Amino acid sequence: MASKHLISDSAVVPAHIAKQVVSPAAYADWDAIHEAFTELRKTLPLGLVEAPGFDPFWLVTKHADLMEISRQPLIFSNNDHRCALLSQSAERQYLETRDEVPFIRALVTMDAPEHSVYRRLTFKNFTPKGIRGLEESIRALAVESIDEMAAQGSSCDFAESVALRYPLRVILSLMGLPREDEDMMLRLTQEVFNPQDPDMSKTRSDVDESEASSYDLGALAEFNQFFSDLIKARRANPTDDIASLIANARVDDKLLPDWDVASQYIAILTAGHDTTSSSTAGGVAALAAAPDQFTMMKNDRSLIPALVEECVRWTSPLLSFMRTAERDYTLRDQTIRKGDWLMLSYPSANRDEDVFEEPFVFKANRTPNPQIGFGYGPHICLGQHLGRLEMRIFFEEFFRRVNSVELTGHVERSRSINVSAIKRMPIKFTMS
Ligand code: HEM
């Protein structure tokens, strides 16, 4: 944890912003949280957050700093459960119960050398070459989603009926899971990432914010239960899917422990759909607010890859990850001490005025676009090419069929400090 006595008061983030940064509800107010980050980028790009109930941490808001930290995993580790923001009480609860409910052992909680060993198990399947063969089946799912949208007439909740379902179906088919599991997976994913959102969590909606954690450990346990049967089935009868690949993968000639297999499943399932769905919905919302850009895209589909990058920059659905300093390090004339905790803010880095011209303007054809929404360095998103492919195909089908789109109500975001999901987005549309 960052040691306050060594730090001047001028390096401490103002209390009202510190409160926002750790508050799941504050991220649902997208404009207000961006105002706070903008102030910090200007006045205190690397500041210490001291919020009641949380260990202090450095808040990293600049694009260059996020890259500098992310590319040095031996100096800034992911450090197991401390890779995500969690309150002191959530950490205490985890430490007390970890024998019963272990924390997820996914890539994002691991450090070298284990991280690269586990990343290699599925890496090839997620490279551009590895996913090339999926295009046809993904397109069929995109067409199905647009058909479902069309079937609703001229209005729908785009988040609920399109954006949340399509990426989940892609991930389920990649994993080799049946369509019947869709509703359960949607519910569990939302519970894991949004334990403080009353619409998305069954257990902890009334929890005090200082009790907040990024993940719902109870939902993780439910996932575990479900996956133990799947692991057994895939080991007994291997099939041609990611679930089989991981269940039958060997490290040092041994199968992985069941919890490690289940953790990889959970990470791929959860990381793989809420994020993509939020970027897609956020992109459609931005296009609805800028009809000239909608028309530009409809008339020139070669611009779609640029649109996809801008959607990820604009929405930055992955809100933060944490790192722990493994040794003293100087950044922006500030000494970060060994053991200090740091928060990487992707939405802030993606609005950095030093990198992006007019960062608060959605430019569907923005080029170049060095957005950092998929992270950077050895932990860079495993599914980045898949996410891009899904969104490209979706927009190709969308612009082929949809002639206009208009927002008819408020875009509602989840209360989460982890993934910013768009949970409601009422629209009116016309189709060809
Ligand atoms: C728009 C969609 C997506 C966004 C914005 C996103 C964002 C991110 C970010 C910011 C990280 C952390 C990177 C870092 O620490 O430097 C990450 C890691 C990860 N993502 Fe994604 N992601 C998306 C889609 C996906 C998909 C479709 C999958 C499915 C396989 C996926 C699986 C993962 C995994 C397994 C990791 C951990 C990688 C590691 O620690 O080595 N993500 N993602």
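FYI, it's all coordinate maths here, none of it is from the lab. Fair warning: this is a prediction, and the values are worked out from it, not measured in the lab. Because the Cβ atoms are built from the backbone with ideal geometry, glycine has one as well, and the counts that use them run over all protein chains shown.
A few remarks follow.
- Percent of Cα-Cα distances greater than 27 Å, calculated over region 4-431: 51
- Selected from Thr109, Thr43, Thr280 as most flexible by GNM, with the chain as the system and alpha-carbon contacts under 10 Å: Thr43
- Estimated from the Cβ-Cβ distance and a Förster radius of 35 angstrom, the FRET efficiency linking Thr367 and Trp30 is about 0.90.
- Surrounding net charge for Met185, when Lys and Arg each add one and Asp and Glu each subtract one, Cβ distance under 14 Å: -3
- Each peptide in 305-314, 80-89, 151-160 gets a packing score, the mean of other Cβ atoms within 10 Å over its residues, and the list from highest to lowest is 305-314, 80-89, 151-160.
- Per-residue ellipticity at 222 nm computed for the chain from its helices equals -14000 deg cm²/dmol, with DSSP H segments shorter than 4 residues left out and the rest contributing -39,500 (n - 2.57).
- FRET efficiency, Lys129 to Thr43 (Cβ-Cβ, R0 45 Å, nearest 0.05): 0.50
- Estimated FRET transfer efficiency (Val251, Glu396; beta-carbon r; R0 45 Å; 0.05): 0.70
- For Val12, the residues 5 or more places off, or on other chains, whose built amide H falls under 5 Å of its own are Leu48.
- The count of lysine pairs in region 4-431 that are at least 8 places apart or cross chains, and whose C-alpha atoms lie under 25 Å apart, stands at 21.
- Cβ-placed point charges (K, R +1; D, E -1), dipole of region 4-431 about Cα centre in debye, nearest 20: 1000
- Reported to the nearest whole Å, the Cα centre-to-centre distance from region 121-185 to region 13-54 is 34.
- According to the Kirkwood relation over distinct C-alpha pairs, the hydrodynamic radius of region 330-399 is 15.0 Å.
- Cut-off under 5 Å, modelled amide H: who pairs with Ser404 long-range: Thr430
- Counting only whole DSSP H helices of the chain, the ones at least 18 Å long by C-alpha along their axis and with mean Kyte-Doolittle hydropathy no lower than -1.0 are 30-43, 135-151, 217-236, 258-289, 384-401.
- Relative contact order for region 4-431, counting Cα pairs under 8 Å that sit 6 or more residues apart, in percent: 25
- Relative protection proxy for 91-103, 381-393, 7-19, from highest mean packing down: 381-393, 7-19, 91-103 (other beta-carbon atoms within 10 angstrom).
- Placing dummy labels 7 Å off each Cα toward the beta-carbon, the span from Arg139 to Asn299 is 2.6 nm.
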